[in-house]
1. When the residues of region A:359-390 are filtered to those that are within 14 Å of chain B (Cβ to nearest Cβ) and polar (S, T, N, Q), which remaining residue is farthest from residue B:123 (Cα to Cα)?
2. From B:153, B:174, B:125, which residue is surrounded by 22 or more Cβ atoms within 10 Å (Cβ to Cβ) and out of contact with any Ser or Thr (no Cβ under 7 Å at 6 or more places or on another chain)?
3. Failed condition for residue A:180, given (1) on the phi < 0 side of the Ramachandran plot; (2) within 11 Å of another protein chain (Cβ to nearest Cβ), with all others met?
4. Of the conditions (1) in the same structural domain as residue A:256 (by TED's automatic domain parsing); (2) more than 13 Å from the chain's Cα centre (by Cα); (3) in a helix (DSSP H, G or I), residue A:220 satisfies every one except a single condition; which number is it?
5. Of the residues that sit in region A:339-358 and are within 21 Å of residue A:319 (Cα to Cα) and aliphatic (A, V, I, L, M), which one is farthest from the other protein chains (Cβ to nearest Cβ)?
6. Mind listing just one residue for me: the one in region A:76-98 that is without any contact (Cβ under 8 Å) to a residue 40 or more places away in the chain and touching a Ser or Thr at 6+ places or on another chain (Cβ under 6 Å) and, of those, farthest from the other protein chains (Cβ to nearest Cβ)?
7. Counting just the residues of region A:230-240 that are among the small types (Gly, Ala, Ser) and modelled with pLDDT of 95 or more, which one comes out nearest to residue A:215 (Cα to Cα)?
8. State all residues of region A:203-225 that are buried (at least 21 other Cβ atoms within 10 Å of the Cβ) and charged (D, E, K, R); if no residue qualifies, say none.
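The values are calculated or read from the model by the stated rules, or taken from the named source; none is laboratory data. Note that this is a predicted model, so its numbers are computed, not measured. Virtual Cβ from ideal backbone geometry, glycine too; neighbours counted across all protein chains shown.
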Amino acid sequence: MKPTVRPSFVRAWPCIASDFSTFFLRLPPPPLAHARNIAQIRHRRIHSSLSPPPPPPLLASSPPSVPPPLFLRPPKYTTTVADLLEWHSWAKSLAASVGSSFEDSDNGPDSRLLCRELNWLMEDVLDGFDPSLMHKAVARDDPDVIVSSRADVQELYRLWKQRIEERRPFQYIVGCEHWRDLILCVREGVLIPRPETEIIVDLVGDVISKDQGLREGLWADLGTGSGAIAIGIAKILGDYGSVIATDLSPVAIQVASFNVERYSLQEKIEVREGSWLDPLKGVEGKVAGLVSNPPYIPSDDIGGLQAEVGRHEPRLALDGGAEGMDDLLHLCNGAASMLKPGSFFAFETNGEKQCKFLVDYMQNQLPGSFCNVNTASDFAGTQRFVTGFRNG
Amino acid sequence: MKISMAIQSLRRSLLPGTARSPPSLSSFPKLSGFAVSASVRPRAIVAASAAPGWRTGERTRRWGGFCSGNSEHDKALGSCFYSNGGAASSNYGGCSYLELSDEGLMKQCEMGTFKTSGPGGQHRNKRESAVRLKHIPTGIIAQAVEDRSQHKNRASALLRLRTLLALKVRNAVNLEAYSPPKELLQILPLKSTVRGSDCGPQIGPNNPKFMLGVQALLDLLSAFEGSVSEAAKLLGLSTGALSRLILSDDSLRLAVNELRASKGLKPLK
């Protein structure tokens, strides 16, 4: 029986497709159209009064080739413990040389955090990270033991160099992020899901535990990125309800679709391409819950972001216009027409200021549309979310 | 030579040197300030020191969603960890927190994450998914930083909390009518004369149930004012054999020696 490569995998990681196809089976080279929506992306933010400074030259925008997430690659390489240790000790000293310089310059990671990342990298690279095998070799002082690995040692040198010298985010290096109980694949062009955002799923969990009608309804995650929130919600909905996940970015659509399939949620989550509420045409007034983590960073703050974020993550997912509120306001204005009476919404924001503004806006500028509009805090105690219900 | 140095370095980072001493929070340099105060005395409720650097969200996250998770982190969960808790309860004067389910224990906790400098959210990519649990009734604080997701860190922190509760919270023991609870018998060496054959093989420090036995042992030692020989008599062991058991586990040894120090006794070595 031939192993198969799922089409979404090929779309999401085009170049592995060829990698895998030589490994597993022959597949036609996947057709890809990255460029097609560039114009649309550029013109999306018609509400922005200030045109943002040109984005830094992004390694991120559309790399010519995207290797697959490390943890999903076949362990086809072998290396000796000695070689691995030599790489590890080189990588560790490189991390140590950083000290607190990144932290001091832009609140980036210090060497302690980088060393932790290094261990996580080992976890993903070593086949199943069989610590006992490493431990045994280490204990026996036997450096010639062969271990199987998902990347060859030369690539590990290259990857760690990218991590330190280019400040490429760790999650793009390994191709995944651990989020809630999920492992979500990510790559350049898709926002790395943040721990704060996990709470949106809990907020939804609270609501559906009290209202079976909402549990059985249609949910929408707008600007889904990697699909994190949509997948988190689909899992807590259990046997009920369904989710539409939308994104403007074709890369995000590919990656979200891939993650949805990896969790076998294709029946439950429909991934649709388009800007914000546009892909919800046809379900107006039928949505039981609307959630989003839209871009909310004020344009002026983009330049000062931590290098991992500002240089590598998609500006499309970060830049919320002059006050950071363009997309949030767009969502607030459009939400009422999508939501059915009694339905729920939750939006992530930049913090207290945006939260307060939105609560006030919804109560005073959109009177009668929503009720029980509130804010909720993230675990650092920052007011991060605006939640509420559609009147009716 | 170079290799062996590298091996040393890797050994340090790979081998869980802290494997059997989960409460040694000082192994996380930045966190040592939050470790439970060393001056804590048995029988005393642990007083929480303020924990600078941590903030707790206004909202306590529901633990339920976490526990019902299905998948990749299940092995990190201790959800069926203390399923046999009821058996020992008759021997304990006070309530035994360790008998609570994860969810029950979590309800007694306030959860915080690292205080983040700056605005957080989309601004930040630091993978500091550290979790800090403060057990409200006792003030004991447990935390975990080394896992990749908050979910896993919460599971680790909860396991650590259980260990700390076992080590730090003393239950009164009625010596007149004492019979060792099963949890304690299970961690005793087989040669103990009070240990019935129904106790099964000796449970070692790597078994999560070990801490239940440790708690009962510390309760007994505390009732005997730290005297190992008195406790050994009751447990059908020689003083040497009980000492060896105590010395076999770092966290147990430290707790016993702390108790002995408070009673003016010499530490076990």
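1. Just the residues of region A:359-390 that are within 14 Å of chain B (Cβ to nearest Cβ), to begin with: A:374-387.
After this cut, where a residue has to be polar (S, T, N, Q) as well, the list is A:374-375, A:377, A:382-383, A:387.
Details: A:374: 23, A:375: 20, A:377: 16, A:382: 13, A:383: 15, A:387: 21 Å.
Checking each candidate, the answer is A:374.
2. On the way: B:153 fails: out of contact with any Ser or Thr (no Cβ under 7 Å at 6 or more places or on another chain); B:174 fails: surrounded by 22 or more Cβ atoms within 10 Å (Cβ to Cβ).
Result: B:125 is the single residue among B:153, B:174, B:125 that is surrounded by 22 or more Cβ atoms within 10 Å (Cβ to Cβ) and out of contact with any Ser or Thr (no Cβ under 7 Å at 6 or more places or on another chain).
3. Only one criterion in (1) on the phi < 0 side of the Ramachandran plot; (2) within 11 Å of another protein chain (Cβ to nearest Cβ) is unmet by residue A:180, namely (1).
4. In the conditions (1) in the same structural domain as residue A:256 (by TED's automatic domain parsing); (2) more than 13 Å from the chain's Cα centre (by Cα); (3) in a helix (DSSP H, G or I), residue A:220 misses (3) alone.
5. Restricting attention to region A:339-358, the residues satisfying the condition of being within 21 Å of residue A:319 (Cα to Cα) are A:346-358.
Keeping just the survivors that are aliphatic (A, V, I, L, M) gives A:346, A:358.
Details: A:346: 13, A:358: 15 Å.
The selected residue is A:358.
6. A:96
7. At the first step, the residues of region A:230-240 found to be among the small types (Gly, Ala, Ser) are A:230, A:232, A:234, A:238.
Imposing the further condition that a residue be modelled with pLDDT of 95 or more reduces the set to A:230, A:232, A:234.
Values: A:230: 14, A:232: 13, A:234: 10 Å.
For region A:230-240, the residue satisfying everything is A:234.
8. A:215, A:221 - these are the residues of region A:203-225 that are buried (at least 21 other Cβ atoms within 10 Å of the Cβ) and charged (D, E, K, R).
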